Amino acid sequence: MAHGRMRARLKRSSLYTFGCIRPPRESIDEPHQFQGPGFSRHVCCNEPGFHRKKPLKYSSNYISTTKYNVITFLPKALFEQFRRVANLYFLLAAALSLTPVSPFSPYSMIAPLVFVIGLSMTKEAVENWHRFMQDMKVNMRKVLVHTGNGVFVRKPWMKVEVGDVVKVEKDRFFPADLLFLSSSYEDGICYVETMNLDGETNLKVKRSLEVTLPLDDDSSFQDFKATIKCEDPNPNLYTFVGNFEYDRQIYPLDTPQILLRDSKLRNTSHVYGVVIFSGHDSKVMQNATKSPSKRSTIEKQMDKIIYVLFTLLVLISLISSIGFAIKTSKQKPFWYLPRDEQRLYDPTRPFTSGWIHLITALILYGYLIPISLYVSIELVKVLQALFINQDINMYDEDTCTPAQARTSNLNEELGMVDTILSDKTGTLTCNQMDFLKCSIGGTQYGIRSSEVELAAANQMAMDLQDLSRSGTRHGSEIELEVLPGPTSGSSKNRIKGFSFEDIRLMNGNWYREPNADVVLMFLRILALCHTAIPEVNELTGGLTYEAESPDEGAFLVAAREFGFEYCKRTQSSIFVREKHPSSHEPIEREFKLLNLLDFTSKRKRMSVIIQDETGQILLLCKGADSIIFDRLSKTGRSFEEATKKHLNEYAEAGLRTLAFAYKKLEPSEYYNWNDEFLKAKTSINGDRDAMLERLSDMMERELTLVGATAVEDKLQQGVPQCIDKLAQAGLKIWVLTGDKMETAINIGFACSLLRHGMKQICITTNGDMLTHNSNMGVKENILMQITNASQMVKLEKDPHAAFALIIDGKTLTYALEDDLKLQFLNLAVDCASVICCRVSPKQKALVTRLVKEGTGKTTLAIGDGANDVGMIQEADIGVGISGVEGMQAVMASDFSIAQFRFLERLLVVHGHWCYKRIAQMICYFFYKNIAFGLTLFYFEAFTGFSGQSVYDDWYMLLFNVVLTSLPVISLGVFEQDVSSEICLQFPALYQQGPRNLFFDWYRIFGWMGNGLYCSLIVFFLNIIIFYDQAFRSDGQTADMAVVGTAMFTCVIYSVNTQIALTMSHFTWIQHFLIIFSIITWYIFLVLYGMLSPDLSGNVYKIFLEALAPAPIYWLSILLVAVACNLPYLAHISFQRSFNPMDHHVIQEIQYYKKDVEDRHMWRREKSKARQETKIGFSARVDAKIRHLRQKLHKKSSTAT
Amino acid sequence: MEVDAGTTSAVGTDNQPTPVLRGRSKAIHQFTQQTLPACKPVLTPAWVIGTFFLMGVLFIPVGLISLHASQSVNEIVDRYDVDCVPDIFKNNKMAYIKNASVSKSCHRYLKVHKHMKAPIYIYYQLDNFYQNHRRYVKSRSDEQLLKGLGYNKTSSCEPQAFENGLPIVPCGLVAWSLFNDTFSFSRGTKKLEIERKNIAWKSDREHKFGKNVYPFNFQNSSFIGGGKLDTTIPLSDQEDLIVWMRTAAFPSFRKLYGRIEEDLEEDDIIVVHLMNNYNTYSFGGTKMIVLSTSNWLGGKNSFLGVAYIFVGSSSILIAFIFLLLHVKNPRPYVCIFLKDEGQFSNGCS
């Protein structure tokens, strides 16, 4: 609290010139005039009691993102289940099975349905419970709430009510949307981090009404009374309209007075506020769209297959009922078949009987529709999700968070992703800046390489090795230009924000540099040109800096390390402890702060005007290089060339750059200017801002360039490598960020989405255009830009040319409108990388929708903040970065990972596996049910289409649920075409998913055809073998039970052999489950046969007594199982030998141990197994090598 | 800067350090990380050709043996339903079969073509008789067969459940339509003994048909179906009924009638004395008598052997085709990804 009070003395608002000047009071003190609908909210401050009953009862602060509650669970979950056509069909069939129409006994229809539905609902319940627990975690967060008499008590968030006065402490989240009353600062401002709302990391200043300033301690709320009338809850984050009635006065309220839920209080020790919107009324919750239930492409396609099967079902039912009708009408009546009591079968009325038979047939052939498919898939997905959660390679040790599949029904979609839409801050970057390099007076300092350079260097070294081995003669010459590898001893006591390493500047050595005076100026700018506040760390006694942006923090840390420790700030001065090599003790110097021209995204620069101890007035300026270079004086350009070159290199290395400049001011010149500036500042005209800007602009001219800094926006670990791999896997990556364009471009460079030589297409609208032109004009302008760019892309001849599209949020609003969006999308698809900056959360979602719907491909959105929620929910797959504070993104996501780099493994390994597993599993499911179901149909033709089934009811009941389910589940859970390492080494393998090679109609119908073939073989071989002769040596002939059991055994053997052929990865589990399935069938037969005959009927002792001693039974099994699978085996052998797919070849290379014996070949194959890519550092290396070759070629041609 | 060291999904590192674990925890680790030891069979040409060849080599002999076994079975089949109708009824078979006063007795002469070794099984065969019709199959009560009169939940047996207010034992259409042609045989003048015991499954006799259940009220209605039952013999000993109640799977079926337990010599003439009682005329069914020997494979059916030989020779054929294709056009096993297609080319170096 000590430093808190120290700071409270400081009126921060006077530090800023534009951002938070309190405009003179009189100007806009009119209360907002609003009435009628939309503005009905009435909040009685400090009197929550009023809000407990109607009409002022508003929703509580309890939030719930669960799908069901205790009461709604049953109806809602049941409804969800029966939305699946197949389940509805089975429900109907189960209902009909209670009538005599049914060919089966009721239990054999109802039991599987109950089992299947029960399992699915259990899964839903468990998932819902997890959601509930997560909600409760948020709901149980504590906040200080005023309970009367000036006493504040900690209460859980869910107990906070509208009208409550709450006190929020530093680094806590606001529990609801609050009206900001006062803060620990005298002038009632506070800093808010809205990363969870819009992803912006710089702090926002909020400011209370002046009238509430005196309410600055707990006791003053004893009898605070006021009312707020304002707009109704709405999702608009950036507007607020309301009036505040206090002391019989009405004051207008605006956005600066509103603290939004889920934003965080920063740099301010506490604030007081009144709850206006709570719980689901709060703006952030209003923004949250209801989490849509997503279904994967495969599942959608599966529905179509189910419809195909339904058609088949209806078709064969019609055939059999027509057959039945004809058979009954044409046939001379069988005297032994009189009509039954209910007249359902009546030989005298063949057509009525035929209609009734249709229903029977529809139930009978229900086995074509795999009832257990959904539940098996769900089970498999849960297990797959378990593996994803357990993967130790996706476990982040720093934060102790594993990857988490939050909804398991999208696993296979991970293997089909085409476009990744990524947030930047917190996703690609850790939002931590490291001072890495600088260029001072045309000399470069800082020997460490950025991560991007290192990654590229590694890649290059590897490629060159291959090149030189394969005997390319340019190899050695290119090698010369390869960057030095990572420097040793890199991580000795690292300082956060400072990765600089250069002996020339460190430890005061700068003093011995040739241009020490320039360096001194550079270091002073570093230490003085900022708006940060130093804070004493109570533990270590050192200083930490609270800066508006992390860049600034990095500069100050750097300055401190160079010996210019910024230590104190007062209203008018900045104190810097300078450590000069000449003297051992640091000298504390005071610089008078005369003016501060702060940073805006429009100005792209900030300056301070200071007076040093000698009375010299200086303007120190830092800003974007283009801006600074425009403002240099003729004499100040001496280092321009060198600096520009360095800046280009820095940008190429993915660093954020700023140029530093200064100007010496004559006192008279300054004072003249300052007079005008002050005048402008206090003026009450509407164009005050413009005036201030003009004056600042006037001042920031004729500068002298000092140098430039390069700050590494610290990427999350492994991001460039991951992006590279993803690019090689053929994925497109879009970056959508709320950040400024420059930052976004820098990050683009840093993660190799952009590179030197890539043609950048920037589509923007400038401010003037917006104000002066009509809407239509702007649109036309944008359309022109887009068409021009498209033309350019189309006309490009060079196959290696890559384009990058950069578009800002304002432009995007137009580009996303219906008439432009397709052109925009087409252009974007043609570009290698797309960066959208300054986009709002809503726009992120819109862009995602555009990509998803426009291209029809699978999209994945990844982000970490609440601002990404829309996009995460909109995309086919949403991935949240967990481990950081905000949970909104994770809560909305389908998968959460701790680091961006885990995305590679999630997609390339798990996605690939899951896709193939599920695809193969579904195909097999259809196969086995067709193979089984059709035998029922054929048999029916032999029973006069009467609807008799050859199998016992129990066989059929067990077929899907027990006898064939486990191997297919093991296929779905454990199958691996290649191991995870190979998946990562051959990223191109991933393309099998997006191309949907394993679940296209060709393949599906292939499997169905296989099922048809198998059913024919099983049925006809069996009926001919067991036709009418004795089937064993003691003369008995086969009855229906014998034929049925033998046939069923053949089905079991055939489908289990089939799955063994389908699998390519056998652990003991698969072996066990396949054998287990077959053995279970025998165990069941024996046990069932041992039951009393009134339960087992004709199956009584059938196996032990009748079948097992008959050699023909065993011979028929062998024959049928082989005959069923022979064509499939021939087919896959043929395919593998003469038309192999990627994974076949990799398997073979591995099988022949090429990876061990012939490492060179292995590496060559590996390098070829990448998708042609234009982004990522591999592309960068390729481009560089190409460039060098061209140069070499030119050289050699000129030489000859 | 730590680029490679910490990244678990590192780019160029082939060997990831796996934690050293022992015993159970190792197994669990392998399971959760999906690295359980596994065999990954690869269909290499040698393997494929070998498998197909082996299958052929295995199947053809089995087929030959089965075929031989089937060939060694002798059977005599004789359709009698038409010839047993006296000439005057030829155009009105229905009248013949329904007229109780006409003698149904009939003689058939069967010539033995080959020596038939005892036991020789006697079957009756019905064609176009739908014992597998759902209406028919349902119409029985297994529990009543076991428990007798005491059990009266016999609604499935309708309309053959109650007659004159009394329950029918055995109930249902299956029992009601019991086959009732009878056969006796003689060779020359000497009567051939027919063994009619042990023709049904042992389990059926012992556990499915009650030892204390006697036929009751059976075939007492105006509309008589098939055979009648001796009300003094318990159901468990009515083997004809037991065999009949095992419903056949196909509309054409044989059922065991008895055994002749002496050899029949070549060129023997067997005289069959039969009572042609059963009505197949109304629906166009046929009746046959079959004498057949059997061996380990059962009766005469060469299909199994033929199928085995067919499958075996197809797989040898496939093996040869593969061999040929492979010799002519071997695929190099080190191949190249074509970048744009992700597929392989054949002619790669």
State whether the residues of segment A:984-1000 include one that is outside any loop (DSSP other than H, G, I, E, B), in contact with a Ser or Thr (Cβ under 9 Å, 6 or more places away or on another chain) and open to solvent by 10 Å² or more (accessible area, probe 1.4 Å). yes
Residues within segment B:205-241 that are more than 10 Å from chain A (Cβ to nearest Cβ) and touching a residue at least 40 places away in the same chain (Cβ under 8 Å), tallied: 18
So, in segment A:390-406, of the ones that are hydrophobic (A, V, I, L, M, F, W, C) and in a loop (DSSP other than H, G, I, E, B), which residue ends up farthest from the other protein chains (Cβ to nearest Cβ)? A:400
With respect to residue A:927, is the statement that it is over 23 Å from residue A:310 (Cα atoms), of a type in the set (Phe, Trp, Tyr) and in a helix (DSSP H, G or I) true? no
Looking for whichever is surrounded by 24 or more Cβ atoms within 10 Å (Cβ to Cβ) and either at pLDDT 85 or above or farther than 24 Å from residue A:42 by Cα (or both) here; the options are A:173, A:244. Which one fits? A:244
Out of curiosity, is residue A:712 closer than 30 Å to residue A:637 by Cβ, touching a residue at least 12 places away in the same chain (Cβ under 8 Å) and within 14 Å of chain B (Cβ to nearest Cβ)? yes
Please go through segment B:202-214 and pick out each residue that is open to solvent by less than 20 Å² (accessible area, probe 1.4 Å) and either under 29 Å from residue B:262 (Cα atoms) or out of contact with any helix residue (DSSP H, G or I) (no Cβ under 7 Å at 6 or more places or on another chain) (or both). B:203, B:204
In segment A:712-751, how many are closer than 22 Å to residue A:812 by Cβ and among the basic types (Lys, Arg)? 2
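Output the residues belonging to segment B:276-316 that are in a helix (DSSP H, G or I), facing chain A (nearest Cβ under 10 Å) and either small (Gly, Ala, Ser) or over 30 Å from residue B:250 (Cβ atoms) (or both).
Filtering segment B:276-316 for residues in a helix (DSSP H, G or I) gives B:303-316.
Next, only the ones that are facing chain A (nearest Cβ under 10 Å) stay: B:303-308, B:310-312, B:314-315.
B:305, B:307, B:312, B:314, B:315 - these are the residues of segment B:276-316 that are in a helix (DSSP H, G or I), facing chain A (nearest Cβ under 10 Å) and either small (Gly, Ala, Ser) or over 30 Å from residue B:250 (Cβ atoms) (or both).
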Just the residues that are part of a helix (DSSP H, G or I), in contact (Cβ under 8 Å) with a residue 60 or more places away in the chain and out of contact with any helix residue (DSSP H, G or I) (no Cβ under 9 Å at 6 or more places or on another chain), please, taken from segment A:621-640. A:628, A:635, A:636
Spot the failing condition for residue A:448; the list is (1) open to solvent by 10 Å² or more (accessible area, probe 1.4 Å); (2) modelled with pLDDT under 85; (3) within 25 Å of residue A:861 (Cβ to Cβ); (4) of a type outside the set (A, V, I, L, M, F, W, C), and only one is missed. (3)
Going through (1) outside any loop (DSSP other than H, G, I, E, B); (2) of a type in the set (Val, Ile, Thr); (3) over 30 Å from residue A:366 (Cα atoms) one by one, residue A:162 fails only at (1)
When only residues in segment B:242-252 that are open to solvent by 10 Å² or more (accessible area, probe 1.4 Å) and either touching a helix residue (DSSP H, G or I) at 6+ places or on another chain (Cβ under 8 Å) or assigned to a strand (DSSP E or B) (or both) count, which is nearest to the other protein chains (Cβ to nearest Cβ)? B:246
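Rundown of residues vs (1) without any contact (Cβ under 8 Å) to a residue 12 or more places away in the chain; (2) touching a Ser or Thr at 6+ places or on another chain (Cβ under 6 Å); (3) basic (Lys, Arg), yes/no style:
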| site | (1), (2), (3) |
| --- | --- |
| A:76 | yes, no, yes |
| A:80 | no, no, no |
| A:95 | yes, no, no |
| A:106 | no, yes, no |
| A:117 | no, no, no |
| A:128 | no, yes, no |
So which residues in segment B:93-135 are within 14 Å of another protein chain (Cβ to nearest Cβ) and farther than 26 Å from residue B:173 by Cα? B:116, B:117, B:118, B:119, B:120, B:121
Based on what the data block shows, is residue A:1003 open to solvent by 10 Å² or more (accessible area, probe 1.4 Å), of a type in the set (Lys, Arg) and within 9 Å of chain B (Cβ to nearest Cβ)? no
In segment A:298-321, residue farthest from residue A:1001 (Cα to Cα) [restricted to those that are among the hydroxyl-bearing types (Ser, Thr, Tyr) and open to solvent by 50 Å² or more (accessible area, probe 1.4 Å)]: A:311
Which pairs turn up if I take residues in segment A:250-263 that are assigned to a loop (DSSP other than H, G, I, E, B) and open to solvent by 10 Å² or more (accessible area, probe 1.4 Å) and look for partners that are among the basic types (Lys, Arg) and modelled with pLDDT under 85 with beta carbon separation below 8 Å, at least 6 apart in sequence or on another chain? A:260/A:283
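Residues checked against (1) without any contact (Cβ under 8 Å) to a residue 40 or more places away in the chain; (2) among the hydroxyl-bearing types (Ser, Thr, Tyr); (3) open to solvent by less than 10 Å² (accessible area, probe 1.4 Å); (4) more than 7 Å from every other protein chain (Cβ to nearest Cβ):
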| position | (1), (2), (3), (4) |
| --- | --- |
| A:1049 | no, yes, yes, yes |
| A:1055 | no, no, yes, yes |
| A:1066 | yes, no, no, no |
| A:1073 | no, no, no, yes |
| A:1104 | yes, no, no, yes |
| A:1120 | no, no, yes, yes |
| A:1127 | no, no, no, yes |
Evaluate segment A:678-687: report whether one residue or more is of a type in the set (Val, Ile, Thr), at pLDDT below 90 and in contact with a helix residue (DSSP H, G or I) (Cβ under 6 Å, 6 or more places away or on another chain). yes
From (1) surrounded by fewer than 17 Cβ atoms within 10 Å (Cβ to Cβ); (2) of a type outside the set (Ser, Thr, Tyr); (3) part of a helix (DSSP H, G or I), pick out the condition that doesn't hold for residue A:1109. (3)
Report, by residue number, each residue of segment B:179-213 that is hydroxyl-bearing (Ser, Thr, Tyr) and at pLDDT below 90. B:189, B:203
Mind listing whichever residues of segment B:295-310 are among the aliphatic types (A, V, I, L, M) and either on the phi > 0 side of the Ramachandran plot or open to solvent by 40 Å² or more (accessible area, probe 1.4 Å) (or both)? B:306, B:309
Matching residues in segment B:61-111 (touching an Asp or Glu at 6+ places or on another chain (Cβ under 8 Å) and within 21 Å of residue A:1028 (Cβ to Cβ)) number 2
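Of the residues B:43, B:36, which single one is surrounded by 14 or more Cβ atoms within 10 Å (Cβ to Cβ) and within 30 Å of residue A:1139 (Cβ to Cβ)?
Testing whether each residue is surrounded by 14 or more Cβ atoms within 10 Å (Cβ to Cβ) and within 30 Å of residue A:1139 (Cβ to Cβ) leaves just B:43.
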Look at segment B:83-101 and say how many of its residues are under 19 Å from residue B:223 (Cβ atoms) and either touching a Gly at 6+ places or on another chain (Cβ under 8 Å) or part of a loop (DSSP other than H, G, I, E, B) (or both). 3
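The values are calculated or read from the model by the stated rules, or taken from the named source; none is laboratory data. This one's a predicted model, so the numbers in the text were calculated from it and none came from an experiment. Methodologically, a virtual Cβ is constructed for each residue, glycine included, from the backbone with ideal geometry; neighbour enumeration extends over all protein chains shown. These accessible areas exclude ligands, DNA and RNA; they are computed on the full protein's heavy atoms, side chains included. Shrake-Rupley method; radii C 1.70, N 1.55, O 1.52, S 1.80 Å.
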